[in-house]
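The values are calculated or read from the model by the stated rules, or taken from the named source; none is laboratory data. Predicted model only: the values in this text are computed from it and were never measured. No Cβ is skipped: glycine too gets one built from the backbone with ideal geometry, and neighbour counts run over all protein chains shown. Surface accessibility is based on the protein's heavy atoms, side chains included, excluding ligands, DNA and RNA. Shrake-Rupley method; radii C 1.70, N 1.55, O 1.52, S 1.80 Å.
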Amino acid sequence: MADTYVSQAKIVDRRRTVVRRLKKKPPPRKQKPLKQLEVESREKGLNEPIPETNKGFKLLEKMGYKKGMGLGRQGTGIIDPLSLEIKTSKTGLGKDDFKKKQEELFKIRNKLIDKQKETQRRKVELSYNDRMRSKFEDKKSISHVTQLISISKQLDIQENKSDNPLMVEFDELEKEDNPISLREYLEVMEPEVRAKKLIDFLEYLRSTYKYCYFCGTKYDSQEELNEKCPGLLEDVHDV
């Protein structure tokens with residue numbers, strides 16, 4: 001019984017010793033992958049010059065070649081060996097170049113699409129700005145023509161003038177049976193026609209009453225009007 005206990009104790013002791021040795025044993029070094037080793041070995045070989053012990057080098061020396069010279073009779077050829085491009089993919093020859101060209105074409109195409117989108121966006125912004133500007137100009141011209149009609153009417157009454165040809169169509173709007181107001185009439189009028197009406201009233205007031213609408217002044221004479229008023233249109237009055 002005692003012998004059996006001693007033998008079992010020795011076995012346990014041996015196992016503990018083995019476990020302690022395994023724990024003390026340093027971990028195995030991680031080896032680099034085979035592909036990485038191949039790449040490093042290849043790059044090392046390509047970066048190092050051909051040694052003079054190389055058979056090819058010795059053959060070149062017999063033909064008069066010296067280290068550092070260029071190839072050819074005149075020594076004007078290449079000095080370094082041709083570069084080596086290793087194909088690592090499983091695609092056919094030329095497939096990688098074709099893929100690169102496709103990627104470049106896709107990049108160019110995407111740039112063109114982005115440029116077209118940007119151009120379209122700017123066109124939309126410009127068209128919106130043009131619409132708003134046109135809308136503002138329409139409102140402005142309607143307001144000018146409305147005021148010019150009112151001023152012309154007042155000056156005609158003051159001077160007892162009843163033969164103003166510009167007021168004929170607008171006098172019809174003041175009749176009771178006419179459902180259209182002056183502003184509505186001007187709004188449906190073509191912008192070119194409305195602009196012509198504006199010019200006609202400006203010229204009428206200047207020639208008949210020596211009055212400048214944009215100056216807001218009735219001058220005593222044509223000479224004073226020409227001297228003090230900068231011009232017929234609004235733009236020259238803003239300078």
For this session: Look through SER150, SER127 and report the one residue that is open to solvent by less than 100 Å² (accessible area, probe 1.4 Å) and modelled with pLDDT under 70.
Result: SER127
Exercise. Mind checking whether some residue in region 193-204 is open to solvent by 50 Å² or more (accessible area, probe 1.4 Å), of a type in the set (Phe, Trp, Tyr), touching a helix residue (DSSP H, G or I) at 6+ places or on another chain (Cβ under 8 Å) and within 27 Å of GLU137 (Cβ to Cβ)?
Worked result: no
Exercise. If you scan region 164-192, which residues turn out to be over 22 Å from LYS140 (Cα atoms), in a loop (DSSP other than H, G, I, E, B) and modelled with pLDDT under 85?
Worked result: LYS175, GLU176, ASP177, ASN178, PRO179
For this session: Report yes if THR76 is at pLDDT below 70, β-branched (Val, Ile, Thr) and open to solvent by 100 Å² or more (accessible area, probe 1.4 Å), otherwise no.
Result: no
Exercise. If you go through region 134-147 one residue at a time, do you hit one that is open to solvent by 70 Å² or more (accessible area, probe 1.4 Å), closer than 29 Å to CYS212 by Cα and modelled with pLDDT under 80?
Worked result: yes
Problem set entry | Condition check for VAL236: of a type in the set (Val, Ile, Thr) and without any contact (Cβ under 8 Å) to a residue 24 or more places away in the chain | yes
For this session: Report yes if ASN226 is part of a loop (DSSP other than H, G, I, E, B) and surrounded by fewer than 17 Cβ atoms within 10 Å (Cβ to Cβ), otherwise no.
Result: no
For this session: Would you be able to say whether some residue in region 105-118 is modelled with pLDDT of 75 or more, open to solvent by 100 Å² or more (accessible area, probe 1.4 Å) and of a type in the set (S, T, N, Q)?
Result: yes
Seminar exercise, completed: Residue hits (region 205-223; small (Gly, Ala, Ser) and closer than 17 Å to LYS140 by Cβ) are GLY216
Seminar exercise, completed: How many residues of region 154-163 are in a helix (DSSP H, G or I) and open to solvent by 70 Å² or more (accessible area, probe 1.4 Å)? The answer is 3
Exercise. Out of (1) at pLDDT 75 or above; (2) outside any loop (DSSP other than H, G, I, E, B), the odd one out for LYS67 is which?
Worked result: (2)
Seminar exercise, completed: Taking region 38-63 and keeping residues farther than 16 Å from LEU82 by Cβ and open to solvent by 80 Å² or more (accessible area, probe 1.4 Å) leaves GLU38, LYS44, GLU52, THR53, LYS55, LYS58, LEU59, GLU61, LYS62, MET63
